Structure formats: C-alpha cells, structure tokens
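Read the structure below first, then the notes.
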Amino acid sequence: MTRTDRIAEPWGSRTPYGPGETWPTRVDSYLADGLTEADVDRWVQSATILHSNGDGLDIAVKDDRIVGVRGRAVDRVNHGRLGPKDLFGWQANNSPDRLTKPLVRRRGKLVETDWDTAMDAVANRAKELLEEQGPRAISFYTTGQLFLEEYYTLGLIAHGGIGTNHVDGNTRLCTATAAAALKETFACDGQPGSYTDIDSADVIALYGHNMAETQTVLWTRVLDRLAGPNPPQVICVDPRETPVARAATVHLAPRPGTNVMLMNALIHELVAHGWIDRDYIEAHSVGFAELQKQTAECTPEVAAAVCDVPAEQIREAALIIGTAERLMSSVLQGFYQAHQATAAAVCVNNIHVLRGMLGKPGCGILQMNGQPTAQNTRECGADGDLPAFRNWSNDAHIADLAKVWNVDPMQIPHYSPPTHIMQQLRYIEEGSIRFMYVTATNPAVSLPELRRIREILSQDRLFLVVQDIFLSETAQLADVVLPAATWGEKTGTFTNVDRTVHLSEKAVEPPGEARSDLDILIDFAHRMGLEDKDGAPLVKWSDPEGAFEGWKECSRGRPCDYTGLSYDKLRGGSGIQWPCNDEHPDGTEHIYVDGQFWAQPDYCESYGRDMVTGAPVEKTEYEALNPTGRAVLKAAEYVAPHELVSEEYPFQLITGRTLYHFHTRTKTGRAPQLQAAAPEVWVEMSQSDAADRSFTEGDLLEVTTPRGLVRARVRISGIRPGVLFLPFHYGYWDTADGSRPRKERDGRAANELTLTDWDPVSKQPIFKTAAAAVRRVSAAKGQPSLAPTTTGSAPVTGGVPPTTGGAQAHAEELVGGRR
C-alpha cells in the first residue's frame with residue numbers, strides 16, 4: 001500500500017496493461033482526521049457524484065457521519081480507483097452552511113419557516129397559475145445530479161400531471177449535444193461504446209474532450225494502456241495544451257468555431273484514400289452519397305486555411321484514424337458548446353459508420369456526458385424529452401406512455417418540441433412563464449450572459465422555487481428555498497455515460513429538516529392534487545424502490561430497458577449496463593452489434609433535424625430516407641462562428657472546467673484540498689500573445705466582451721495564440737463557504753462574458769467563441785497566478801510553484817486490492 005498526494009498526482013500511480021488484458025485493480029481510499037479502516041463503523045455502497053464517470057465506491061461512516069470513501073474493486077467502471085473530486089468532495093456534505101430548514105421570502109428577505117408553509121406556498125401558486133394561464137405558465141429546470149427515481153417522478157409530474165412541455169435540465173449546458181448527435185445518426189439516444197473499449201483500442205480519438213480533467217479515472221485507464229505494451233495512439237482535438245494533448249500522438253489545435261471544417265477534412269481523407277468499409281456502409285447506412293459530395297472539396301489545405309492547423313497534421317491524424325484496427329472516440333464540451341455543436345459531433349459518428357467500427361470491442365463512440373446522472377435526465381424525461389426514448393412526434397408512443405401513466409394521451413403535451421432552458425428564459429422575460437421550479441442547479445452562475453440571467457430570475461412576476469443543499473447564488477433570488485438531502489443521505493440509482501447503472505444507498509441522515517428530492521417532489525404532487533384518469537394519485541410510489549419499479553415498467557420494450565434490474569441485483573457487486581432484460585439478464589456491453597440499430601420509423605426516438613437550421617425532419621421524410629432503420633450518415637456544411645473577432649475584440653474566449661472543481665463549486669469549493677488547488681479564477685493566454693503585450697505571469701488582467709467583464713490573473717500556458725480560456729466555476733462569492741456575496745458581482749464569473757446564442761439542433765448554449773479584449777490592470781510583481789500547474793493550465797514560464805496538496809491530500813492506493 002502506498003500513500004500519494006492526489007492533488008499533486010491526480011491520476012495516481014500506474015498499473016500498466018496491454019491490449020485485450022484486464023485493467024489491473026487499484027483500490028484508492030481516503031479517510032479524514034487520521035482515521036483508519038478499523039475506526040469505520042460501516043461502509044455503504046454508492047458511486048461517484050462529482051463527474052460523469054460513475055466510479056463505484058463505498059462511503060465510510062463513523063458516529064453517523066460520513067468520514068471518507070473507498071473505491072470498489074469489483075466495479076467494472078473503475079476497478080477500485082477514485083479521482084481527486086471523489087476522494088475529497090464528500091466533505092461538502094458536512095459543511096456547516098448546509099440548508100436545514102425551508103425559507104420563504106417575506107418583505108424582500110428569505111426567512112426560515114416550516115415545511116407545510118413552504119410547500120403550500122409552492123403548490124398554491126402553481127395551482128393559481130394553472131387556473132389563470134394553464135400549464136404553459138409553469139416550467140421546471142433540473143440538474144444532472146439527482147437520481148433516476150427523482151427524474152422519473154419529476155417527468156411524470158410535469159408531463160403527465162401538470163401538462164407542461166417547459167421542462168429542461170442543466171444537462172442542456174453539457175450533454176444536450178450528446179443526445180442530439182446520437183439521435184441524428186442512430187435516431188435514438190444511448191451510447192454505442194463501453195469504457196472497456198479502452199482496453200483493446202489501438203487508436204483513441206478525443207474530440208474537444210479534456211478527459212484528463214473531466215473524467216480522471218477514465219483517463220487513468222488510458223494512461224495505464226499508454227504505459228503498457230503495444231499502447232494505443234491518441235488523437236487530441238483541443239485549442240489548449242491539456243494533459244491529453246501532451247500525451248497525444250497528434251494534437252490538432254483548431255481555431256475555435258471551426259470543428260466542422262476540420263472533421264469534414266478528416267472524412268474527406270478517409271473517403272479519398274479508401275479507408276472506409278464499403279460493405280458496412282452499403283448494408284447498414286444511408287446518406288453516403290450526400291456526405292461524400294459535402295466533403296469532396298474539404299481538403300486538408302482548405303481546412304488548414306480555415307482552422308489554422310497544418311495540413312500535414314490533418315493528414316497524419318486521418319491516416320491514424322483511417323488505418324486503425326480498433327478505433328474508440330470520445331467527444332465533449334470543446335465540440336458541444338459551439339455554434340455547430342451537433343454537426344461536429346455527428347461527424348465523429350460518421351467516421352465510425354464509415355469505418356464500420358461499432359458494436360465490437362475497442363470500437364465505440366462515447367458522446368460524453370459532463371454530469372453523473374445526465375443520462376438519467378434524458379432517459380426519464382426530465383430534460384424535456386419523453387421517458388424511455390419515446391418519440392414526441394409518434395402518436396403511438398404518446399398513447400403507450402399514457403397507458404403506462406393511466407392518463408389521457410392529450411394530457412401529455414406533444415403539440416410542440418420541449419422548451420429548452422434558453423427559450424424558457426425568453427418566455428420568462430416576455431411574461432408567459434410565471435413559475436419556475438429549479439432543482440439542484442445554479443443558473444445564476446452557469447448560464448450565459450449573467451447580467452441578463454440575474455435580471456430575469458429577479459422579476460417580481462416570476463415565482464422562483466429553488467430546491468438545493470446550499471444557499472447558492474440562484475437560491476438567493478428565490479421566493480421559496482427547499483432544503484434537500486444529497487448523495488449519501490438518500491437512496492437511488494444513477495446511470496453513467498457507458499450505460500452502467502449503479503445503486504447508491506443512504507449512508508447517513510440529512511442535516512436538520514432537509515428532505516430527499518424524491519420526498520419533496522411527491523409532496524408537491526400530492527398538494528397539487530395530481531391524479532390519473534381514474535382519480536387515483538398520479539404518483540403511485542412513496543419510496544425510491546417503488547419509483548424504480550415504476551420506471552422499469554415505463555422502460556419495458558424500449559432501448560433503455562431496465563426490466564432485468566432490481567435493487568437486490570445491484571447490491572454488493574458491480575454496476576450493470578442497460579439494456580438489461582430477459583434477453584440480456586447480465587446487461588449489455590455493446591449495442592448496435594452487426595448493424596442492428598433502434599432507428600426503425602415506428603420505434604425510433606427522433607426523425608432528426610436539419611444540421612444548419614435545426615428544423616425537424618417530418619415522419620414521412622424520414623420514412624422515405626430510412627425505411628429499414630439504418631444509421632444515417634449526415635452531411636454538415638461549415639458555417640463561420642456567429643460572433644467574430646474584430647479590432648476592438650481581437651481574441652476568441654473559451655470557457656471550461658478544471659480538474660479540481662465541479663460546476664459552480666457549491667460542493668468542491670467546500671472541500672479544503674480541492675479549493676486550495678484552484679482557489680480563484682484565472683485567464684490563460686499564449687506565450688506569444690503575452691509577449692506582444694508585455695504581459696507577465698500573474699499580471700491582473702481585465703477581460704471584456706460586449707456583455708461584461710472579468711478580472712483575473714493571467715496564466716501563460718500552452719493555449720493556441722488568439723484564444724483566451726476562463727474556468728467557469730467561479731461565481732460572485734467572496735469566500736469558499738459561500739457566506740458573503742461580493743459587493744460587485746462583475747469580477748470573476750466567466751459567464752458574465754458569454755453570449756445568448758445556441759446550437760440550432762441541440763439548443764446547447766455557446767460558451768466557446770465569444771469575441772473578447774484584454775487590458776492589464778496591475779502588474780504581478782513576481783506573484784504568479786494561482787491556477788493549477790498539473791492540468792491544462794500548466795505554465796510555460798518558469799518560477800511557478802507546483803500545485804500540491806500536502807499531508808491532508810494523501811490518499812491510500814492498494815494495487816491488486818480485493819476490497
């Protein structure tokens with residue numbers, strides 16, 4: 001057993017392995033206050049909640065308090081490993097500033113009250129608006145961090161009870177394009193790949209996905225392959241010199257907003273050199289001729305001029321991808337948060353269809369999620385879609401869902417597409433939405449153009465309900481705040497990116513009067529008087545397992561079939577991948593085996609959209625294009641970014657994440673090791689851009705766009721020239737525990753600068769191509785930025801102390817551990 005500073009060494013020690021071998025076990029653990037395993041009263045099964053990897057872990061409990069975590073060696077996802085946020089982030093549960101009582105606004109201030117008063121205020125206002133304006137006055141905005149059972153209950157309440165289609169999740173900011181891209185190619189959501197594809201792939205391509213920081217344990221798996229015999233080649237597409245880029249065989253650093261042109265050039269090369277599987281294309285796809293025509297003129301030279309990437313680098317990457325025997329690809333925010341998000345992500349799907357690299361070991365696509373339960377948000381209908389991947393445009397699917405819920409089909413709104421959050425905000429601005437119920441998310445920091453967001457959420461005519469565990473920036477604006485239990489304080493299931501379902505058991509009681517999100521939602525439904533068509537309560541369960549059983553019936557016969565799962569089956573062992581049913585009782589590692597897709601017109605989730613306008617494809621058009629349910633090779637033309645650089649704003653601003661924080665730091669900012677590793681916002685700039693302006697490491701800069709300003713110390717990093725990077729995690733709190741708002745809110749929230757615009761297909765906001773300017777406010781005087789040195793913000797100049805965690809960040813690693 002070894003002890004490792006997991007702030008200084010985020011991915012831990014290496015356990016090399018070769019292609020086709022099993023990833024060795026390494027059990028990571030961390031206990032607070034000098035405790036040993038002998039001091040622990042009990043270990044409670046769970047999985048990680050601060051990223052989308054879904055690492056299996058056990059929660060350590062002593063004296064009815066969470067005191068640490070330990071990786072689960074038996075789990076298929078992590079084989080015992082944990083990342084820094086897993087090891088240290090749980091400490092937020094014990095933070096003294098947790099919400100413990102409901103709050104209501106009285107004379108402009110939030111004051112404590114009892115549950116009956118708070119819930120009656122919420123339900124009564126919702127009923128008033130239903131009577132006055134109908135269901136279109138009510139909206140729901142949720143998260144990617146609740147449990148499946150809670151999402152399904154929320155979807156039932158919103159769609160089957162209230163009848164509103166104003167339902168979305170903050171997954172719109174991180175994973176909406178994942179779902180949209182899968183629907184465009186395969187006519188259905190659901191990840192084709194499995195994490196085990198890393199074990200046998202000979203090429204791993206990461207498109208806009210800084211896996212090293214967003215899914216640390218998954219990157220650990222890649223690092224262990226790279227350290228073993230016959231390592232895979234790695235392709236990285238990212239404008240920053242991330243840890244992924246530093247490990248890559250080829251690093252393509254395109255100008256932000258040009259991903260579609262780059263992808264079209266790669267496809268051009270595959271077709272031109274015959275690096276495609278024509279038999280597979282002929283048997284299992286439609287649309288090849290149009291794709292070939294669209295990419296015919298997109299040569300590496302043309303792409304080089306647009307993307308500012310050397311043509312020879314594009315050719316080298318195409319050769320590696322085109323001659324791979326087993327190709328795995330992963331996609332995330334660098335592609336998703338752009339103006340052609342879906343089009344770029346679909347291009348990655350196109351490559352796998354062209355190469356016939358689907359449905360077999362080492363040949364998977366992961367249109368990656370950013371949050372731990374984003375997949376459940378989509379599956380259960382809490383992002384606006386219908387539960388179990390049913391099709392809004394298919395009347396038979398509406399009738400089937402109405403039968404499951406025992407409601408009239410006309411009660412389920414399907415007269416128009418679901419209302420994404422950016423459109424909901426416009427409706428609030430215009431006054432048609434008057435009630436917004438926000439659960440477990442902080443839009444006052446995470447949404448674009450924050451000045452506008454604060455104005456919208458502060459409207460007197462909007463009744464804002466916030467259900468959360470801390471008094472976040474958004475909760476500060478609410479009319480009612482409901483204190484929720486969080487991970488470790490309630491029971492439920494959640495599903496990660498590669499369709500692995502985990503059970504998370506309740507380990508301790510929530511603080512004070514806080515309640516689980518499921519209990520609060522059920523209470524809301526009962527106070528609303530929501531009933532089925534026979535007059536019985538619409539929500540027919542009272543506990544998580546009952547909700548799970550209800551979901552299983554809803555999923556029966558659909559792609560995400562859970563009918564073979566149960567709480568008992570998920571206890572004690574590993575997570576299990578859906579579909580899991582009578583046909584696949586042990587789960588399903590790969591879908592789309594032998595070109596069998598869920599794309600048949602009468603079964604599919606979506607008929608698709610136009611890549612440029614976002615206009616939906618009609619059912620008759622889809623039936624004519626794809627009558628037998630094949631994969632769709634979808635062509636996408638390149639369109640320039642919506643906001644272009646100018647003499648006044650010469651830089652392109654991109655925002656993103658850092659390894660040590662999650663979303664708006666409501667949890668990670670309260671974990672001492674994580675907060676110390678990345679304590680304040682910074683701005684990254686290339687060495688050449690800094691030299692041109694005589695900037696030095698640590699200078700305080702003011703970054704401006706037409707929408708606002710941020711002040712941050714500069715980190716001179718390996719980012720490409722002409723681009724600035726800001727981490728988006730930092731809101732307008734003065735202190736890590738959120739106890740005191742800043743006097744001036746402008747100053748460190750990256751989304752003060754981003755624009756109100758979105759991809760036409762996925763409706764995902766654009767966080768990657770704002771035009772920006774910089775000026776120096778004050779010199780560093782020898783003090784460098786406090787940005788981490790272990791990540792994409794690594795300095796390229798000397799004199800910056802390395803990021804370390806010290807003794808309090810030492811975690812144990814047991815290689816080959818059998819716990």
Residue check, residue 83 closer than 30 Å to residue 22 by Cα and touching a Pro at 6+ places or on another chain (Cβ under 7 Å): yes
Tell me, please, whether a residue that is closer than 17 Å to residue 365 by Cβ, touching a strand residue (DSSP E or B) at 6+ places or on another chain (Cβ under 6 Å), not in a loop (DSSP other than H, G, I, E, B) and not assigned by TED's automatic domain parsing to the domain that holds residue 72 can be found in the stretch 598-620. no
Mind checking whether some residue in the stretch 237-249 is touching a strand residue (DSSP E or B) at 6+ places or on another chain (Cβ under 7 Å) and of a type in the set (Lys, Arg)? yes
Looking only at the stretch 359-377, count how many residues are part of a loop (DSSP other than H, G, I, E, B) and either assigned by TED's automatic domain parsing to the domain that holds residue 155 or under 22 Å from the mean Cα position of the chain (by Cα) (or both). 7
Pick out the one residue from 322, 356 that is touching a residue at least 40 places away in the same chain (Cβ under 8 Å), out of contact with any strand residue (DSSP E or B) (no Cβ under 9 Å at 6 or more places or on another chain) and either surrounded by fewer than 24 Cβ atoms within 10 Å (Cβ to Cβ) or over 27 Å from residue 643 (Cα atoms) (or both). 322
Quickly run through the stretch 67-117 and pick out the residues that are in contact (Cβ under 8 Å) with a residue 12 or more places away in the chain and basic (Lys, Arg). 70, 72, 76, 81, 85, 98, 101, 105
Do the conditions hold for residue 620, that is, is it more than 22 Å from residue 498 (Cα to Cα) and at pLDDT 95 or above? yes
Turns out the strands (runs of 3 or more DSSP E) fully within the stretch 132-229 with at least 2 residues that are under 20 Å from residue 332 (Cα atoms), touching a residue at least 40 places away in the same chain (Cβ under 8 Å) and in contact with a Phe, Trp or Tyr (Cβ under 9 Å, 6 or more places away or on another chain) are 167-169
Within the stretch 99-109, identify whether any single residue is small (Gly, Ala, Ser), assigned to a loop (DSSP other than H, G, I, E, B) and not assigned by TED's automatic domain parsing to the domain that holds residue 485, and answer yes or no. no
So in the stretch 463-490, with the set limited to residues that are in contact with a Ser or Thr (Cβ under 7 Å, 6 or more places away or on another chain) and part of a loop (DSSP other than H, G, I, E, B), which one is nearest to residue 434 (Cα to Cα)? 472
Tell me which residues, restricted to the stretch 36-49, are surrounded by 14 or more Cβ atoms within 10 Å (Cβ to Cβ) and either without any contact (Cβ under 8 Å) to a residue 60 or more places away in the chain or among the acidic types (Asp, Glu) (or both). 39, 40, 43
Out of curiosity, is residue 415 in the same structural domain as residue 541 (by TED's automatic domain parsing), surrounded by fewer than 24 Cβ atoms within 10 Å (Cβ to Cβ) and modelled with pLDDT under 95? yes
Take the residues in the stretch 795-804 that are out of contact with any Pro (no Cβ under 8 Å at 6 or more places or on another chain) and at pLDDT 95 or above, then tell me which one is nearest to residue 85 (Cα to Cα). 804
Counting only residues that are part of a helix (DSSP H, G or I) and within 13 Å of residue 157 (Cβ to Cβ), how many does the stretch 399-415 have? 2
Between 327, 358, 354, which is of a type outside the set (Asp, Glu), more than 25 Å from residue 728 (Cβ to Cβ) and touching a Cys at 6+ places or on another chain (Cβ under 7 Å)? 327
Residue 70: passes all of (1) crowded, with 24+ Cβ neighbours inside 10 Å; (2) assigned to a loop (DSSP other than H, G, I, E, B); (3) not hydrophobic (A, V, I, L, M, F, W, C) but (2)
Any chance the stretch 690-701 includes a residue that's within 21 Å of residue 749 (Cα to Cα) and part of a strand (DSSP E or B)? yes
Surrounded by fewer than 24 Cβ atoms within 10 Å (Cβ to Cβ), modelled with pLDDT of 95 or more and under 16 Å from residue 143 (Cβ atoms): is that true of residue 485 in this structure? yes
Selection count where residues are surrounded by 20 or more Cβ atoms within 10 Å (Cβ to Cβ), in a loop (DSSP other than H, G, I, E, B) and either among the hydroxyl-bearing types (Ser, Thr, Tyr) or on the phi > 0 side of the Ramachandran plot (or both), scope the stretch 378-398: 2
The stretch 744-784, residues that are of a type in the set (Gly, Ala, Ser) and more than 22 Å from the chain's Cα centre (by Cα): 747, 771, 772, 773, 778, 779, 780, 782
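The values are calculated or read from the model by the stated rules, or taken from the named source; none is laboratory data. Note that the structure is a prediction, hence the values are computed from the model and not measured. Don't worry about glycine lacking a Cβ; one is built from the backbone with ideal geometry, like all the others, and counts go over all protein chains shown.
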